[in-house]
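Remarks on the structure that follows.
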Amino acid sequence: MTDQSDPTTFDEELLLRAAMDLAGSVGWARCSLADIAEAAGLDEAALRRLHRDGTSLLRAFAARIDREVQEDSDIGSDDGIPVREALLELLMRRFDAMQPYKAGIVAVTRAALGNPGLAMHGGCALARSMRATLVAAGVSSKGPAGLIRTKALEAIFLDAFRVWAGDDSPDLSATFRRLDERLGQAESLALSIGLAKAAKSSH
């Protein structure tokens, strides 16, 4: 039997799912740690020893999604997968991992629109996730060029996120199509820039 006074015995998945379910039903701004602990059937004092506030809990949630996306991933190995296909697979894997928590994630996103601190936290978490996605796809995220790639991937992900929020199809087909379209546009743009630079250097 789980000892609710001992934070080391907490079921993290149970806790995070309870937090996201509660956020989806009442809104993130109305979720206190006490409410989340009660929803998860956990002891509040022990929960506070793990997470001092909601931001800490959201950080743990983001890390869990990152781990699930990267788990058992061999996309970045020398298997000849084109970058566009690798990014598409990794980003869809992220949406699949987020799917069970959709209502809560959407609620947190809405709350961030009126909360600069929450928005900054979300932006930092997204940047970390997109850098990791680039690296997993075999693309450098270092230096000025890496920063541009990261920002571009963030924009693509956020555009697809808006589709995902309303995508009720079992296979997230609408989300897939938007991602594929936007990644294709980015690939074409990168190719055009590369050709322009090559032409310029030849003169």
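The values are calculated or read from the model by the stated rules, or taken from the named source; none is laboratory data. The model shown is predicted, which means the values in this text are computed figures rather than measured ones. Methodologically, a virtual Cβ is constructed for each residue, glycine included, from the backbone with ideal geometry; neighbour enumeration extends over all protein chains shown.
For this structure, a couple of remarks:
- Summed over the stretch 170-203, residues that are in a helix (DSSP H, G or I) and at pLDDT 55 or above total 19.
Here is a yes/no grid of residues against (1) assigned to a helix (DSSP H, G or I); (2) farther than 15 Å from ALA103 by Cα; (3) outside the structural domain of ALA127 (by TED's automatic domain parsing); (4) among the acidic types (Asp, Glu):
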residue	(1), (2), (3), (4)
GLY24	yes, no, yes, no
GLU38	yes, yes, yes, yes
ALA45	yes, yes, yes, no
ALA63	yes, yes, yes, no
ARG67	yes, yes, yes, no
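- Residues that are of a type in the set (Gly, Ala, Ser) and within 11 Å of the chain's Cα centre (by Cα) were ranked within the stretch 42-69; the one that is surrounded by the fewest Cβ atoms within 10 Å (Cβ to Cβ) is ALA63.
- Of the helices (runs of 4 or more DSSP H) that lie entirely inside the stretch 72-159, those containing 3 or more residues that are in contact (Cβ under 8 Å) with a residue 24 or more places away in the chain and within 22 Å of VAL26 (Cα to Cα) span 102-112, 116-136.
- Answer from ASP159, ASP167 - the residue that is over 26 Å from ILE81 (Cα atoms), acidic (Asp, Glu) and either over 16 Å from the mean Cα position of the chain (by Cα) or modelled with pLDDT of 95 or more (or both): ASP167
- Test result for MET120, assigned by TED's automatic domain parsing to the domain that holds ARG182, crowded, with 16+ Cβ neighbours inside 10 Å and of a type in the set (A, V, I, L, M): no
- For the stretch 27-36, filtering for residues that are in contact (Cβ under 8 Å) with a residue 40 or more places away in the chain and assigned to a helix (DSSP H, G or I) leaves 2.
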